[in-house]
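The values are calculated or read from the model by the stated rules, or taken from the named source; none is laboratory data. Only a predicted model underlies this, so the values are computations on that prediction, with no experimental measurement involved. Cβ sites come from the backbone with ideal geometry, for glycine too, and all protein chains shown count toward neighbours. Remember, those area values only see protein heavy atoms, side chains included, never the ligands or the DNA or RNA. Shrake-Rupley method; radii C 1.70, N 1.55, O 1.52, S 1.80 Å.
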Amino acid sequence: MKTPTITTRVSRELGMAINHGIYQPGTKLPGERLLAESLHVSRSTVRMALEDLERQGRVARSPQRGWFVPSPTVGEPPSTLESFTEMARHRGHTPTAQVLEKTVRSATLDEASQLGIAPGAEVLELVRLRGMNATPICVDRNVIPLAVAQPLVEVDLTDASLYESLQNHCGVRIFRSAYSVQAEAASAEIAGLLRIQPGSPVLVGREIAYDRTGSPVLLGLNTYRGDAYRFHADLYRAE
(Lines give C-alpha, C1' and ligand atoms only; values in the text may rest on other atoms or scores of the structure.)
Protein backbone atom coordinates (compact mmCIF):
# COMPACT_ATOMS: atom_id res chain seq x y z
CA MET A 1 0.00 0.00 0.00
CA LYS A 2 1.38 3.40 -0.98
CA THR A 3 1.93 5.71 2.00
CA PRO A 4 0.36 9.16 1.52
CA THR A 5 2.85 12.01 1.25
CA ILE A 6 2.91 14.76 3.86
CA THR A 7 1.38 17.12 1.31
CA THR A 8 -1.47 14.67 0.63
CA ARG A 9 -2.10 14.27 4.36
CA VAL A 10 -2.22 18.03 4.91
CA SER A 11 -4.50 18.45 1.89
CA ARG A 12 -6.89 15.84 3.32
CA GLU A 13 -6.85 17.44 6.79
CA LEU A 14 -7.64 20.87 5.37
CA GLY A 15 -10.34 19.37 3.13
CA MET A 16 -11.94 17.66 6.16
CA ALA A 17 -11.83 20.94 8.10
CA ILE A 18 -13.74 22.59 5.23
CA ASN A 19 -16.24 19.70 5.10
CA HIS A 20 -16.88 19.96 8.86
CA GLY A 21 -17.46 23.72 8.70
CA ILE A 22 -14.32 24.72 10.60
CA TYR A 23 -13.57 26.95 7.62
CA GLN A 24 -16.89 28.26 6.32
CA PRO A 25 -17.63 28.99 2.63
CA GLY A 26 -16.91 32.60 1.79
CA THR A 27 -14.37 33.04 4.61
CA LYS A 28 -10.61 33.58 4.60
CA LEU A 29 -8.30 30.79 5.73
CA PRO A 30 -5.60 31.46 8.33
CA GLY A 31 -2.27 32.53 6.86
CA GLU A 32 0.14 29.92 5.56
CA ARG A 33 2.47 30.44 8.54
CA LEU A 34 -0.33 29.86 11.07
CA LEU A 35 -1.55 26.80 9.17
CA ALA A 36 1.98 25.40 9.05
CA GLU A 37 2.39 25.88 12.81
CA SER A 38 -0.98 24.29 13.63
CA LEU A 39 -0.33 21.31 11.35
CA HIS A 40 3.35 20.97 12.35
CA VAL A 41 4.64 21.10 8.79
CA SER A 42 6.60 23.56 6.67
CA ARG A 43 5.04 26.53 4.89
CA SER A 44 6.06 25.02 1.54
CA THR A 45 4.09 21.86 2.40
CA VAL A 46 1.05 23.94 3.32
CA ARG A 47 1.34 25.90 0.09
CA MET A 48 1.52 22.71 -2.01
CA ALA A 49 -1.51 21.29 -0.14
CA LEU A 50 -3.46 24.49 -0.76
CA GLU A 51 -2.52 24.41 -4.44
CA ASP A 52 -3.81 20.83 -4.59
CA LEU A 53 -7.11 21.93 -3.02
CA GLU A 54 -7.24 24.84 -5.47
CA ARG A 55 -7.03 22.40 -8.39
CA GLN A 56 -9.99 20.55 -6.85
CA GLY A 57 -11.96 23.80 -6.57
CA ARG A 58 -12.05 23.54 -2.77
CA VAL A 59 -10.14 26.78 -2.11
CA ALA A 60 -9.29 29.90 -4.08
CA ARG A 61 -6.52 32.42 -3.69
CA SER A 62 -6.31 36.17 -3.88
CA PRO A 63 -2.82 37.59 -4.50
CA GLN A 64 -3.48 40.43 -2.07
CA ARG A 65 -5.60 38.72 0.60
CA GLY A 66 -4.54 35.07 0.81
CA TRP A 67 -6.61 31.89 0.60
CA PHE A 68 -10.41 31.63 0.77
CA VAL A 69 -13.07 28.92 0.86
CA PRO A 70 -15.29 29.81 -2.11
CA SER A 71 -19.06 29.80 -1.76
CA PRO A 72 -20.66 26.98 -3.76
CA THR A 73 -22.69 28.12 -6.74
CA VAL A 74 -25.53 26.65 -8.74
CA GLY A 75 -27.05 27.62 -12.06
CA GLU A 76 -28.85 25.93 -14.90
CA PRO A 77 -26.89 25.20 -18.07
CA PRO A 78 -28.20 27.29 -20.99
CA SER A 79 -31.63 26.13 -22.20
CA THR A 80 -31.61 23.13 -19.81
CA LEU A 81 -34.16 22.65 -17.02
CA GLU A 82 -32.66 21.15 -13.86
CA SER A 83 -33.87 20.94 -10.29
CA PHE A 84 -31.77 22.37 -7.46
CA THR A 85 -30.81 18.81 -6.51
CA GLU A 86 -29.65 17.99 -10.04
CA MET A 87 -27.67 21.24 -10.32
CA ALA A 88 -25.86 20.53 -7.03
CA ARG A 89 -25.13 16.87 -7.83
CA HIS A 90 -23.75 17.69 -11.27
CA ARG A 91 -21.28 20.07 -9.62
CA GLY A 92 -20.13 17.51 -7.07
CA HIS A 93 -21.99 19.05 -4.12
CA THR A 94 -24.29 17.39 -1.59
CA PRO A 95 -27.78 18.94 -1.80
CA THR A 96 -29.85 19.38 1.36
CA ALA A 97 -33.42 20.49 2.02
CA GLN A 98 -34.89 21.45 5.39
CA VAL A 99 -38.69 21.64 5.47
CA LEU A 100 -39.77 24.92 7.07
CA GLU A 101 -43.49 24.81 6.21
CA LYS A 102 -45.82 22.25 4.66
CA THR A 103 -49.42 23.38 4.52
CA VAL A 104 -52.65 22.55 2.72
CA ARG A 105 -54.65 25.73 2.14
CA SER A 106 -56.93 27.50 -0.32
CA ALA A 107 -55.34 29.02 -3.42
CA THR A 108 -55.32 32.79 -3.77
CA LEU A 109 -57.00 34.29 -6.83
CA ASP A 110 -53.63 34.94 -8.46
CA GLU A 111 -52.38 31.40 -7.75
CA ALA A 112 -55.61 29.88 -9.07
CA SER A 113 -55.30 31.93 -12.26
CA GLN A 114 -51.68 30.92 -12.86
CA LEU A 115 -52.32 27.25 -12.09
CA GLY A 116 -55.57 27.04 -14.05
CA ILE A 117 -57.61 25.83 -11.08
CA ALA A 118 -60.83 27.07 -9.49
CA PRO A 119 -60.52 30.02 -7.07
CA GLY A 120 -60.25 28.68 -3.54
CA ALA A 121 -59.22 25.18 -4.68
CA GLU A 122 -56.84 23.47 -2.27
CA VAL A 123 -53.09 23.66 -2.84
CA LEU A 124 -50.03 22.28 -1.08
CA GLU A 125 -47.60 25.02 -0.04
CA LEU A 126 -44.06 23.83 0.66
CA VAL A 127 -41.29 26.06 2.00
CA ARG A 128 -37.78 24.62 2.30
CA LEU A 129 -34.29 25.86 3.03
CA ARG A 130 -32.03 24.43 0.33
CA GLY A 131 -28.31 24.03 0.84
CA MET A 132 -25.12 22.50 -0.49
CA ASN A 133 -22.47 20.90 1.71
CA ALA A 134 -24.33 22.24 4.79
CA THR A 135 -24.23 25.82 3.42
CA PRO A 136 -27.66 27.51 3.03
CA ILE A 137 -28.11 28.61 -0.58
CA CYS A 138 -31.80 29.19 -1.26
CA VAL A 139 -35.25 29.52 0.31
CA ASP A 140 -37.75 27.68 -1.90
CA ARG A 141 -41.49 28.37 -1.70
CA ASN A 142 -43.60 26.13 -3.95
CA VAL A 143 -47.37 25.96 -4.47
CA ILE A 144 -48.87 22.87 -6.15
CA PRO A 145 -52.55 21.99 -6.75
CA LEU A 146 -53.57 19.42 -4.16
CA ALA A 147 -55.20 17.40 -6.94
CA VAL A 148 -51.65 16.89 -8.21
CA ALA A 149 -49.68 16.85 -4.95
CA GLN A 150 -51.99 14.85 -2.65
CA PRO A 151 -49.48 11.93 -2.31
CA LEU A 152 -46.79 14.39 -1.12
CA VAL A 153 -48.80 15.43 1.93
CA GLU A 154 -47.57 12.36 3.81
CA VAL A 155 -44.11 12.15 2.19
CA ASP A 156 -41.00 13.36 4.04
CA LEU A 157 -39.43 15.85 1.63
CA THR A 158 -36.33 16.48 3.72
CA ASP A 159 -33.27 16.41 1.40
CA ALA A 160 -35.50 15.32 -1.48
CA SER A 161 -35.80 16.68 -5.01
CA LEU A 162 -39.29 18.10 -5.53
CA TYR A 163 -39.15 17.36 -9.27
CA GLU A 164 -38.20 13.73 -8.54
CA SER A 165 -40.82 13.45 -5.80
CA LEU A 166 -43.55 14.69 -8.15
CA GLN A 167 -42.50 12.13 -10.73
CA ASN A 168 -42.06 9.19 -8.32
CA HIS A 169 -45.08 9.77 -6.06
CA CYS A 170 -47.52 11.71 -8.23
CA GLY A 171 -46.70 10.49 -11.74
CA VAL A 172 -46.05 14.09 -12.86
CA ARG A 173 -42.93 14.97 -14.83
CA ILE A 174 -41.93 18.61 -15.10
CA PHE A 175 -41.27 19.30 -18.77
CA ARG A 176 -40.99 23.08 -19.08
CA SER A 177 -40.54 26.05 -16.80
CA ALA A 178 -41.32 29.72 -17.41
CA TYR A 179 -38.67 31.37 -15.23
CA SER A 180 -37.75 34.97 -14.43
CA VAL A 181 -34.97 36.31 -12.18
CA GLN A 182 -34.87 39.62 -10.35
CA ALA A 183 -32.30 41.13 -7.96
CA GLU A 184 -33.63 42.20 -4.57
CA ALA A 185 -32.38 43.01 -1.07
CA ALA A 186 -32.70 40.29 1.57
CA SER A 187 -35.34 40.79 4.24
CA ALA A 188 -34.37 40.15 7.87
CA GLU A 189 -36.17 36.77 7.78
CA ILE A 190 -34.52 35.60 4.56
CA ALA A 191 -31.12 36.92 5.68
CA GLY A 192 -31.35 34.93 8.89
CA LEU A 193 -32.11 31.72 7.01
CA LEU A 194 -29.35 32.25 4.44
CA ARG A 195 -26.81 33.48 7.04
CA ILE A 196 -26.24 36.82 5.33
CA GLN A 197 -26.70 40.39 6.42
CA PRO A 198 -30.17 41.99 6.01
CA GLY A 199 -30.18 44.02 2.83
CA SER A 200 -27.58 41.80 1.16
CA PRO A 201 -28.24 41.10 -2.53
CA VAL A 202 -30.35 38.06 -3.35
CA LEU A 203 -31.63 36.73 -6.65
CA VAL A 204 -35.33 35.90 -6.69
CA GLY A 205 -36.52 33.40 -9.28
CA ARG A 206 -40.22 33.10 -10.08
CA GLU A 207 -41.33 29.94 -11.83
CA ILE A 208 -44.38 28.38 -13.41
CA ALA A 209 -43.62 24.75 -14.21
CA TYR A 210 -45.61 22.72 -16.76
CA ASP A 211 -46.01 19.04 -17.55
CA ARG A 212 -45.66 17.62 -21.05
CA THR A 213 -49.32 18.39 -21.86
CA GLY A 214 -48.72 22.07 -21.15
CA SER A 215 -50.71 22.10 -17.90
CA PRO A 216 -49.24 24.27 -15.10
CA VAL A 217 -48.46 22.10 -12.07
CA LEU A 218 -46.21 24.21 -9.83
CA LEU A 219 -45.54 27.80 -8.81
CA GLY A 220 -42.10 28.50 -7.40
CA LEU A 221 -40.51 31.43 -5.61
CA ASN A 222 -36.79 30.77 -5.15
CA THR A 223 -34.64 33.23 -3.20
CA TYR A 224 -30.90 32.62 -3.70
CA ARG A 225 -27.91 34.16 -2.00
CA GLY A 226 -26.48 36.63 -4.48
CA ASP A 227 -23.04 34.98 -4.32
CA ALA A 228 -24.36 31.46 -4.86
CA TYR A 229 -26.44 31.47 -8.04
CA ARG A 230 -25.72 32.15 -11.69
CA PHE A 231 -28.37 32.25 -14.38
CA HIS A 232 -27.38 31.18 -17.90
CA ALA A 233 -29.38 31.63 -21.06
CA ASP A 234 -28.95 31.26 -24.80
CA LEU A 235 -30.04 34.49 -26.47
CA TYR A 236 -30.79 34.87 -30.18
CA ARG A 237 -31.20 38.02 -32.22
CA ALA A 238 -34.57 38.29 -33.97
CA GLU A 239 -34.45 37.78 -37.74
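So if we plug the beta-carbon distance of Arg206 and Ala134 into 1/(1 + (r/R0)^6) with R0 = 30 Å, what FRET efficiency do we get, rounded to 0.05? List each step's numbers first, then the result.
Working: r = 27 Å, r/R0 = 0.90.
Efficiency computed from Cβ-Cβ geometry: 0.65.
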Largest to smallest accessible area among Ser177, Ser187 [probe 1.4 Å]: Ser187, Ser177
Span from the region 1-41 Cα centroid across to the region 150-222 one, whole angstrom: 36 Å
Label-point separation, Leu109 to Ile6 (7 Å along Cα→Cβ), nm: 7.4 nm
Solvent-accessible surface ranking, highest first, for Thr8, Thr213, Thr45 at 1.4 angstrom: Thr213, Thr8, Thr45
